1. Checking the condition exposed (fewer than 14 other Cβ atoms within 10 Å of the Cβ) and either under 30 Å from ASP43 (Cβ atoms) or touching a residue at least 60 places away in the same chain (Cβ under 8 Å) (or both), which residue from MET104, MET111 passes?
2. Can you say whether LYS99 is farther than 29 Å from THR128 by Cβ, of a type outside the set (Val, Ile, Thr) and in contact (Cβ under 8 Å) with a residue 12 or more places away in the chain, as far as the supplied structure shows?
3. Between a residue in the range 4-26 that is surrounded by fewer than 16 Cβ atoms within 10 Å (Cβ to Cβ) and any residue that is small (Gly, Ala, Ser) and at pLDDT below 90, which pairs come within a Cβ distance under 8 Å, given they are 6 or more apart or on different chains?
4. Give me the helices (runs of 4 or more DSSP H) completely within the range 1-116, filtered to those with at least 3 residues that are modelled with pLDDT of 95 or more and over 14 Å from the mean Cα position of the chain (by Cα), ordered by residue number.
5. Conditions: (1) surrounded by 11 or more Cβ atoms within 10 Å (Cβ to Cβ); (2) farther than 20 Å from VAL24 by Cβ; (3) not β-branched (Val, Ile, Thr). SER133 meets all but one. Number of the miss?
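The values are calculated or read from the model by the stated rules, or taken from the named source; none is laboratory data. The shown structure was predicted, so the numbers you read here are calculated from the model rather than taken from an experiment. Cβ sites come from the backbone with ideal geometry, for glycine too, and all protein chains shown count toward neighbours.
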Amino acid sequence: MVADTQQNDWEADLTGLLDELSSVQTELLDVLAAKRDSMASNDMQQMIDLHPRAEALCDRLRSCHQQREDLIAIANEQGVPAENLGNIAATLAKADRKKVTKQMTAASARMRLLQHQSLANWVLAQRTILHLSQLLEIIATGGHLQPTYSRDEPSDSRGALVDREV
């Protein structure tokens, strides 16, 4: 993707990278929605079926990251001070810069949406784990939960893990 010529076509390289990133982000949003639906409906087979697709998307994201790093390295080699893609975009002609900046803004917004969707899935998974642990506790205690502390009775735990004699 990245040209090794002395003068890069920055607009084409940036546009290509951002198009691929947009595609990956959109597909990743679809995968996260499908995972959320499968967690909500307890469809483990769908979760398993989504795994290869998610792995392929991770590979594509790694490729996008590598392309980004390559662009920045080439820009720096050619004397364009670049710490990020925005620095490279700033060197473009106004019309090209406007198009690329719009793509970068959209990619940034999708990334925030991906972060929110990932957090929502994480919260759903954590709530499920909490619910299951509560069910296990009810099963283990026969539904009779024992208070940890009591005024009337001393605690049954006496440090047996630390001191066998107690």
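1. Details: MET104 fails: exposed (fewer than 14 other Cβ atoms within 10 Å of the Cβ).
From the options MET104, MET111, the qualifying one is MET111.
2. Values: farther than 29 Å from THR128 by Cβ: yes; of a type outside the set (Val, Ile, Thr): yes; in contact (Cβ under 8 Å) with a residue 12 or more places away in the chain: yes.
Criteria met by LYS99.
3. Filtered contacts from the range 4-26: ASP9/ALA3.
4. Working: elements: 10-40, 44-77, 85-89.
By residue number, 10-40, 44-77.
5. Going through (1) surrounded by 11 or more Cβ atoms within 10 Å (Cβ to Cβ); (2) farther than 20 Å from VAL24 by Cβ; (3) not β-branched (Val, Ile, Thr) one by one, SER133 breaks only (1).
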